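Below is one structure, written out as structure tokens; comments come after it.
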Amino acid sequence: MGHDGRWKASQAQGAKSVTDEIIRVTQPDLPPLEEVMPYLEEIWRSHRLTNRGAFHEQLETALCSYLGVEHISLFANGTLALLTAMQALRLTGEVITTPYSFVATANTLLWNDLTPVFVDVDPWTLTLDPEQVEAAITPKTSAILPVHVYGHPAEVDELQHIADLYGLRLIYDAAHCFGVEDEGGSILRHGDVSILSFHATKVFNTFEGGAIVSPNAKTKQRIDYLKNFGFANETTVVAAGINAKMNEFQAAVGLAQLNHVDDAIDARARVEALYREKLARISGIRCHIHSSAVRHNHAYFPIFVDEDYPLTRDELYFHLRDAGIWGRRYFYPLIPEFPMYRNLPRKSEGDWPNAYAASKKVICLPMYSRLDPTQITRVAETCIDGGGLV
Ligand SMILES: *Cc1c(COP(=O)(O)O)cnc(C)c1O
């Protein structure tokens, strides 16, 4: 029986003590239902369901102010935001991006008929290594698509320098970055545009949702046309746009969530602090990523299982699973390992040694605002006994 089968079998026996409760990698935040109801009543009263409704407009304004940015366009999800950003910036040919991300980062390139060129990440930040980016530029390159992995900023200054030097566009996949700031302010101000995801599993959610942060009103205008079929007015279509609009229900949920997101981030910070305290004495488990953020959102809690830990990463992953703790090997496999990426120019696994190393060592432990100290202790102790340390 495989590990999954074993876990199902032990569940089927029906033991239901506290320690048998499954701890999932995440649990979405929800605002109190009574705070959402007035919005729903207003939607039912007004019959405005979508197409730049009142809540959509309010949420754009509220997010600009919360995030400290000037121009934001809301989307039905983050993937549509990525697709649309690539259209808005008229990317062509090759786009340099990272193998170490969620698959949507590169899938959206393929959907736009663009060729992803994967280059390695820095071992300490896990974001694109600027030197390798520069080395991968060809006459066909039109853009760089870095990811602020786990909410930790990419090498924004070096990447902007390279983009300026070679006349390339710079699009950030900032799906992990809600509320993250570096010394100069919001991380979302960098590059030509930044994409956010408001998926259920992210720090701020609208069930499904996303956004593009633009540097100026002109770019936002173009993006707003594109997300609504290309309509510039009632009778004029200025682009082969898509339907990627956020609806009023999503926007209402977002407005209600926004009142609680600071508390949620504070709670995540406490979860992370307790994890760090509990895991500090385990040799072979590392939980340190270099980060230039000055305000973190604690979106994820990745640990790296090194050689001096008694179990391999996969052994620890399944040991946790057998104990009802569902971590995630995030990101594993690397994007270029998926079949639809295998025809791309590549030499060998040796192409992305740092990304491979991270992908073979990482487990994202359960991380969400309501994770309580007892649960955190249970996760940490399972890591400790997995290491034969108790
Ligand atoms: C979540 C995520 C996306 C996709 O966002 P959706 O809102 O789920 O479509 C894209 N890139 C990264 C890095 C993500 O984590």
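The values are calculated or read from the model by the stated rules, or taken from the named source; none is laboratory data. What you see is a predicted model; the values in this text were computed from it and never measured. As a convention, Cβ positions derive from the backbone with ideal geometry for all residues, glycine included, and neighbour counts pool all protein chains shown. SASA here: full protein model, heavy atoms, side chains in, ligands and nucleic acids out. Shrake-Rupley method; radii C 1.70, N 1.55, O 1.52, S 1.80 Å.
Worth pointing out:
- Residue order for F75, F231 - accessible surface, 1.4 angstrom probe, largest first: F231, F75
- Which listed pairs, of K218/K245; K140/K361; K227/K360; K202/K361; K245/K360, have C-alpha distances above 26 Å, in listed order: K140/K361; K227/K360; K245/K360
- Label point distance in nm, N51-H290, each placed 7 Å from Cα along Cα→Cβ: 5.2
- Student exercise, the stretch 253-361 dipole from Lys, Arg, Asp, Glu Cβ charges, in Debye to nearest 20: 140
- Taking every protein chain into account, the 1.4 Å probe leaves E277 with about 130 Å² of accessible area, to the nearest ten.
- Heavy atoms of I137 accessible to a 1.4 Å probe, total area in Å² rounded to 10: 40
- Beta bridge orientation in the chain: antiparallel %, DSSP, nearest 5: 60
- Fully extending the segment from T312 to A200, taken as 0.36 nm per residue of separation minus the present Cα-Cα distance, adds 37.3 nm.
- List D306, D263, ordered by accessible area with a 1.4 Å probe, largest first: D263, D306
- Between A239 and L110, the C-beta separation translates, for a Förster distance of 22 Å, into a calculated FRET efficiency of about 0.60.
- Rg over Rh for the chain works out to 0.98, both radii taken from alpha-carbon positions and Rh defined as the Kirkwood radius.
- The chain, accessible area per residue, ligands and nucleic acids excluded (1.4 Å, Å²): 45
- H296 accessible area, assembled protein chains, probe 1.4 Å, Å²: 60
- Each principal axis of the Cα cloud of the stretch 33-258 was taken in turn, and the coordinate range along them, longest first, works out to 58, 40, 28 Å.
- Residue-averaged 222 nm ellipticity for the chain, from DSSP H runs of 4+ at -39500 (n - 2.57), nearest 500: -11500 deg cm²/dmol
- The charge dipole of the stretch 101-169, taken about its Cα centre with unit charges on the Cβ atoms of Lys, Arg (+1), Asp and Glu (-1) only, comes to about 340 debye.
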